[in-house]
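The values are calculated or read from the model by the stated rules, or taken from the named source; none is laboratory data. Please read these numbers as outputs of a predicted model, since none were measured by experiment. Here the Cβ positions follow ideal geometry from the backbone for every residue, glycine too, while neighbour counts run over all protein chains shown. All accessible areas refer to the heavy atoms of the entire protein, side chains included, with ligands and DNA or RNA removed. Shrake-Rupley method; radii C 1.70, N 1.55, O 1.52, S 1.80 Å.
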Amino acid sequence: MMDGFMIRARIALAFFLLISCVTFGQSQRSPVADALVLHGKIYTLNSKQPWAQALAVQRGKIVAVGSDAEIESLRGSGTKVIDAGGRLVLPGFTDCHIHFMDGSLSLDRVNLDEAKDPAGIQQKLREYAKSRPGTGWILGRGWMYGMFGAEALPHKKYLDEVFPERPVFLEGYDGHTYWANSKALAMAGVTKDTLDPPNGAIVRDANTGEPTGALKEAAEQLVAKIIPAPTRAEKLAALRRGIKWTNEHGLTRVHSAGQDFEELDLYDELRRHGDLTVRFYIAYFLDPPELRPQDLDAIEAARKKYRDAWIDASVVKFMVDGVVESHTAAMLEPYSDDPSTKGKLFWDVQKYTDAVAELDKRGLQLFTHAIGDYGVRTALDAYENAEKVNRTSDRRPRIEHIETISAADIPRFAKLGVIASMQPLHADPDANTLNVWARNAGPDRASRGFAWHSIAAAGGKLAFGSDWPVVTLDPWIGLQLAVTRQTLEGKPEGGFHPEQRVTLAEAIAGYTLGAAFAGRREKTEGSLEPGKVADLIVVSQNVFEIDPHKIAGTKVVTTMVGGRVVYQSEAR
Ligand SMILES: [Zn+2]
């Protein structure tokens, strides 16, 4: 009988012998691994060998996967042994949509995502300000639209009550709307006479025309541009904190969807110091209105310099629309709560289509943020056109978010080989989703909201992520949401459009093998099998054997990246 393990073991042995000669010379008689993981319940995501007990690592790669006895034989005197203690072992997780520098900086700012109402926000801000006295800017993020009544937008008055003299500037949880107090608006010179910038709006009082403190989309820059930028040292310190945070949650690779390309040299510096323990795939963020020669120069220069297993910059991100909550997502039909608007595209369709075709021709991978069903259709059309005019295939262009979709477009993901990059936590059926998002989208569109299952069932490939710092990067909360479509408190009872749940295996694939495919790295990452990188995690509980409502409580025990243990929990 053919035994898959034996074949793999023989290949692995041949590889070992080769490595041994190179590494140790002829003196080393038997093959020896650098590290072994033993006594695990290893879920490999390799369909030919879905479960195993142990694996061996040599020079950062997996060289054998099998039973304890088989792998034990590869142990030498210098071999490091990780005893998984019967725990679940998984490939390291990838977050397919992240804003890493922003998230890292946010770790040291005020976090409002647990505040339930304006009074709760004021309380958080008071506490934060106490720990940072003085007159400097108070920066933070995470407030939700749902806490501000029917209007669903924040007002400067709540901030002025607490901080009449100190500037405050707070990013909404989705990063699309900002909230300034009167002091910040005054310092920035934003008054009722200030014009709205392109692709942005200063929200104004209906009677007086005075700015209310809410700034939509690009209007954020009116205030942001006067805030002192963090220094290089502050950014590096933030990135170190962010990387540690990431490894602690079991992530070994991230796909950056903006604001990290500008910092590539910082990531490179961390790498030179041996401090880069997360792999980075970093997109150039291409602003409208068009692809310019200087964009192409920057894109080409970066991908020549950064195209390896640790830092890869061969990807470009577009953003064709905004978000449902502030009516900036581009819809095919008017918003349900405001029939006067369908939102609008940030790009001219022809200029976007041309830019997609040019970048596709150059072999770059493309991400497009599209949330409204018209935005999603525009991206699908542009990708379809690019493949046709360039006669390319398997480029794996991606659409990010896809919060609403026309039923007619669901099968196009599979047909065109477009990847659906989605964030389970964005479908968290909290007050924001149910009272604002679902109200604005209306029942018909909401029935195809965050349609993970429909896209996957039609053959489309899913990739999961967080959009950190929009929501936490904790993938265990994401996994729970993906399989329950309920809040962490278990609401609503039957789940929010529960027909769009995915199975636990699908959800894990979305963070591992599917994520690797979505970053064009499935040949070397995403599953635990010989030849792939040794990026893996040992976790506190077997998520396959517990109540799905407990998955979010999973803790990472060990994180290994490239064969090196980069995180080990103290509670073992
Ligand atoms: Zn994003």
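Points worth noting:
- Proximity of backbone amide H atoms, modeled 1.01 Å from N, is registered between Phe450 and Thr404 at under 5 Å, excluding neighbours fewer than 5 places apart on the same chain.
- Nitroxide proxy distance, nm - points 7 Å out along Cα→Cβ at Arg271 and Gln294: 2.6 nm
- Residues with amide H under 5 Å from that of Arg279, placed H, sequence gap 5 or more: Arg253, Val254
- Packing, as the average of other Cβ atoms within 10 Å across residues, places the peptides 491-500, 129-138 in the order 491-500, 129-138, highest first.
- Applying 1/(1 + (r/R0)^6) with r as the Cβ-Cβ distance of Asn207 and Lys550 and R0 = 45 angstrom yields a FRET efficiency of 0.30.
- Partners for Lys550 among lysines (Cα-Cα distance below 18 Å; same-chain residues under 8 apart left out): Lys491
- 3J(HN,Hα) along region 360-377, derived from phi through the Karplus expression 6.51 cos²θ - 1.76 cosθ + 1.60 where θ = phi - 60°, amounts to 4, 4, 7, x, 6, 7, 10, 10, 10, 6, 9, 10, x, 5, 6, x, 4, 5 Hz, with x in place of Gly and Pro.
- For region 205-213, 3J(HN,Hα) computed residue by residue from phi via the Karplus equation (6.51, -1.76, 1.60; θ = phi - 60°) reads 5, 4, 8, 9, x, 5, x, 8, x Hz, glycine and proline entered as x.
- Segment Ser73..Glu161, full-extension length gain: 24.8 nm, with 0.36 nm per residue of separation and the alpha-carbon distance subtracted.
- The H on the amide N of Arg204, modeled in the peptide plane, is under 5 Å from the matching H of Thr212, each at least 5 residues off or on a different chain.
- For the pair region 214-275 and region 400-417, the centres of their Cα atoms are 31 angstrom apart.
- Eligible lysines near Lys192 by straight Cα distance, threshold 20 Å, same-chain separation 8 or greater: Lys156, Lys157, Lys183, Lys216, Lys225
- With a simple spin-label model that places each label point 7 Å from the Cα along the Cα-to-Cβ direction, the separation between Arg232 and Arg126 comes to 4.2 nm.
- Ignoring lysines fewer than eight residues from Lys361 along the same chain, the ones with Cα atoms less than 30 angstrom from its Cα are Lys304, Lys305, Lys317, Lys344, Lys351, Lys388, Lys415, Lys461, Lys523, Lys532.
- Applying 1/(1 + (r/R0)^6) with R0 = 22 Å to the Cβ-Cβ distance of Val349 and Asp287 gives a FRET efficiency near 0.85.
- Relative packing of 402-413, 528-539, which averages over residues the other C-beta atoms within 10 Å, highest first: 528-539, 402-413
- Spacing of the two label points (7 Å from each Cα toward its C-beta) at Lys305 and Ala119, in nm: 5.3 nm
- Here the Karplus curve 6.51 cos²θ - 1.76 cosθ + 1.60, taken at θ = phi - 60°, turns the phi angles of region 555-565 into couplings of 10, 7, 9, 9, 10, 10, 10, x, x, 10, 6 Hz, with x standing for Gly and Pro.
- Expected 222 nm ellipticity per residue - DSSP helices of 4 or more, -39500 (n - 2.57), all of the chain, to 500: -9000 deg cm²/dmol
- Heavy atoms of Arg521 accessible to a 1.4 Å probe, total area in Å² rounded to 10: 50 Å²
- Length gained on full extension, Gln221 to Val565, computed as 0.36 nm times the residue gap minus the Cα-Cα distance: 119.8 nm.
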